Structure formats: C-alpha cells, structure tokens
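This report concerns only the one structure given below.
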Amino acid sequence: MYRLRDLARLRRPASLVVLAFATIIAFGTVLLALPQATESGESAGFVTALFTSTSAVCVTGLIVVDTPGYWSTFGEVVILGLIQIGGFGIMSLATVLSLLVTRRVRLRMQITAGTETKSVTLGDVRQLVSGIVRVTLIFESVLWLILTLRLWTSNGDSIGHAAYMGLFHSISAFNNAGFALYSDSLEGFATDPWIMIPVALAVIAGGLGFPVWVELWRHTRHRRENPSWTLHARITLVTTAVLLVVGWVAFLLLEWSNPDTMGRLGVGEKVLTGFFQSVMPRTAGFNSLPFGEMNTQTLFVTDMLMFVGGGSAGTAGGIKVTTFALLAFVLYATIRGEPSVHVGNRRLAAGVAQQAITIVLLAIGLVFSATLILMIITPFTLDEILFEAISAFSTVGLSTGITGHLGTPGELIIIALMFIGRLGPITLASALALRRRVRRFELPEERPIVG
C-alpha cells in the first residue's frame, strides 16, 4: 500500500514540472535584465529578457536581438547556463517520467496477476540522472575539443577565444538549442565539414534521447550476447534515419539551383549543406543557409520536419518521431481492418494510439490558433508566420528573419508557444499514460457516418 501511495503522488507531475521550468525562466529573466548582461550597459527590456530566457531554457534558439552584438560576455554565459540547465532538465524529466510510466504499467499487470513489483525508487532516479550527466558531458566535451581545434588552427582565433566559442556552440548543439555567437548563425562555416559535420552529429545525438543511448551502449557492450532491441529504440532510430534522408534529398532538389542559397556552391558543398539543413529541423535551429531566401516549397518541407521533431526523452522538440511513426502504423492497421496495431514482432499496448492521436491533434490546434492570431496582429505572410509558429512550438529556433519584428504581443505568443511546446507533449503524454479511469456503466452504442 505504501508503494501505491507513492505512485499516486507522482501521477500528476505536470504542475511541479511547469513550476520548476517557470522558476528557472524567471531567474534567467532577472539575470538577463541586469545592466551587466548587455554590451551597452543598459538594462534589456522585460520582454526581451523574458523571450531570451524562455528560448534558452526551452532550448529553442529563437532570438529578438542579435546574440553576439547585444549581450555581453556575462549575458552570453547566462544564456549558456540556461541552455545547459534546460537541456539537462528536459532529458532528466522525460527519462524519469518514462520510467514512472513503465513501472506504473508493470504494477497494474502484476497486481492483476497477484504478484509483487518494485516502485520507482530514489536509486533509480539517481542512476538515471548520473547516466544523463555522463552522456551529456562526453558528447559536449568531444565536440568542444573538435570545434576549439578547428577554430584555433583554421579560423585565426586565439586559443582562449576558440575554446570559448567551441564550448558555447558544443553545449548549444548537443542540447539542440541553436543559439550561436555569430550574427549569421553558422552560414560562415557552410562549406567547412570540420565544423558542419561534428555539429550535425551532436544535434542528432542529443535528439535521439537518453533511452536510445542506453540501448546503443548495451548492444555495444554485450555484442556477443546479441540482446534484443526495445520497440522504442527501433522506431526512433529507423524513423530518424528515414526523415534525415528524406529531408536531405528534399533540400537538394528544391534548393539546388537557387542562387540565393545552394546555387552558388559546388556539388560537394551542396551535398554538405543539404545534409546539415536536413539535420537542423530535428530541432537545433542552426542554419548554414539563409531561410529567408529559400523557396516556399523548402519552407513547407521544413515545417513538416520541424513539427515531427526528434526522439523522446532527448533535447529535441516536436511531437517526436515515435508519435509520428505510431500514427503511421495505426493508419496502416486501420486500412487493413486489423483489430490491434502491430509493429515488428510486438503489439502496441492499449491506449498508445489514442495518446499519440491526442498529442498530434492538440499540437495542430495550438499551432493553427497561434498562426491565425499572428496573421491578424502582424503584417507577415502565412508562409513566414506558420514557419515561425511551428519553429517555436517544436523548439527548433529556425526563422525567416521575422522574430524581432513581431511586436510585443507577437513575441508573447511565441514565448507561450515555446513554453507549451517544450513541456506540453512530455507532461501530456505522461499524464495520459498514468491516468486510468474505470467507467461503472456504458451508454448504448451508436455508429455515426465517418468519411
């Protein structure tokens, strides 16, 4: 009974999660509003500080002021700290919630079978958090070393400046934040594979999620035992690879001859920039090509990639690749008239399909509502506003260049989208998975016309 009471207290973690992230954002806003945080020595406006703090904690990367030109070194360090706290917090939160959901389901099954099970213990949480810390530090340290050496040896930077720039961009990349200390993001390095490829790989690594890295480590360490892959890891890895290839090909086809983006590059450089821009909607927010100059078709493809996002329990945003893939399997099973959904050699647990559909429909409703409001209060086109809204909700950080021109009401809407998009899918998914209501009676059945 004690363990049941413990689980009951954890059934509704949404309020605690929202409070924790809101507190961090508020603290960051206060620090960024200090005169020491700006190059001019004047206090940043409240909305500017709030927008930047929210974007950093939610690892989005959208900005209303030029990061290297507006913020001082102190301000940049504050932003970097908020990114690290936000990315680490998201991975820890999502991983612990997934553990809670798994244990809760096992508890229900074993109670039905009349057996005993373990609850979520403090040791489980400590082990998960320490593992996330190790994975984060390993990836960020490796990328930091690579970027520092490249900037020092080839970019003409001093070793101290190269180390600082390398540290900032390594943390921003692994956490899928998209903040850069270059006014044109990474456009100046668009044809440098020693910068582009490591950054892209770090973005992919952060976007896969900690549970997938546990699987990869387990398979590497116990290769001879040939351990089986979990359904989550298989779906995440395969769907991520497919979307990366699809985005890569789409960017190459749509921007190959565009003189304002890829048209001026050589074949190898086009392949490199196409790959990099296919990775960024996972949701990192760096850009090596100006999105404001891209074709409308390219923006639409990017909208779809951003909306899907990356893996669960990682630093990426969006509805997540697992949700997207599950909807595809649900659609396939429905068309075939099958009573249950099967993926590989596994049957989906009851309620998973409804959870995925709920998350997607709510996300679509939120993005469309915000887009409509922004179209009413700003002078920008549908393509630009929809791109901005999806980028904010999916915590991507890509923009066509309109973020700083939305006005205070528009910026507040983007702030809300970033906050809800970062925490909403995680808390909603866990709440739906943990919630179970037993109906004491059923109403008469009737079938309306569908289609």
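Residues that are in a loop (DSSP other than H, G, I, E, B) and among the polar types (S, T, N, Q): does region 312-319 have at least one?
Checking region 312-319: at least one residue is in a loop (DSSP other than H, G, I, E, B) and among the polar types (S, T, N, Q).
What tally of residues in region 281-304 results from selecting those that are hydroxyl-bearing (Ser, Thr, Tyr) and either over 22 Å from HIS169 (Cβ atoms) or open to solvent by 10 Å² or more (accessible area, probe 1.4 Å) (or both)?
Of the residues in that region, 2 qualify.
For the structure I just gave you, tell me whether SER228 is at negative phi and either surrounded by 15 or more Cβ atoms within 10 Å (Cβ to Cβ) or part of a loop (DSSP other than H, G, I, E, B) (or both).
yes
Would you pick out the residues in region 56-90 that are of a type in the set (S, T, N, Q) and either assigned to a loop (DSSP other than H, G, I, E, B) or open to solvent by less than 10 Å² (accessible area, probe 1.4 Å) (or both)?
Within region 56-90, THR60, THR67, SER72 qualify.
Six or more apart or on different chains, Cβ atoms under 7 Å: show the pairs whose first residue is in region 141-158 and assigned to a loop (DSSP other than H, G, I, E, B) and whose second is among the hydrophobic types (A, V, I, L, M, F, W, C).
Here the result reads ASP157/LEU151; ASP157/MET165, each pair linking region 141-158 to a residue that is among the hydrophobic types (A, V, I, L, M, F, W, C).
Can you pull out the residues in region 376-411 that are open to solvent by 40 Å² or more (accessible area, probe 1.4 Å), in a loop (DSSP other than H, G, I, E, B) and β-branched (Val, Ile, Thr)?
THR381
Of the residues that make up region 266-280, is at least one exposed (fewer than 13 other Cβ atoms within 10 Å of the Cβ), outside any loop (DSSP other than H, G, I, E, B) and among the charged types (D, E, K, R)?
No: region 266-280 contains no residue that is exposed (fewer than 13 other Cβ atoms within 10 Å of the Cβ), outside any loop (DSSP other than H, G, I, E, B) and among the charged types (D, E, K, R).
Determine, yes or no, whether PRO198 is surrounded by 15 or more Cβ atoms within 10 Å (Cβ to Cβ), modelled with pLDDT of 95 or more and not hydrophobic (A, V, I, L, M, F, W, C).
Yes.
Across region 134-158, what is the total count of residues that are hydrophobic (A, V, I, L, M, F, W, C), crowded, with 20+ Cβ neighbours inside 10 Å and over 24 Å from the mean Cα position of the chain (by Cα)?
Within region 134-158, residues that are hydrophobic (A, V, I, L, M, F, W, C), crowded, with 20+ Cβ neighbours inside 10 Å and over 24 Å from the mean Cα position of the chain (by Cα) number 1.
Pick from region 250-265 the residues that are without any contact (Cβ under 8 Å) to a residue 24 or more places away in the chain and out of contact with any Lys or Arg (no Cβ under 8 Å at 6 or more places or on another chain): which of them is nearest to VAL352 (Cα to Cα)?
LEU253
The values are calculated or read from the model by the stated rules, or taken from the named source; none is laboratory data. Nothing here was measured: the structure is a model prediction, and the numbers come from that model. Cβ: placed from backbone, ideal geometry, glycine included. Neighbour counts: every protein chain shown. The accessibility values were calculated without ligands, DNA or RNA, using every heavy atom of the protein model including side chains. Shrake-Rupley method; radii C 1.70, N 1.55, O 1.52, S 1.80 Å.
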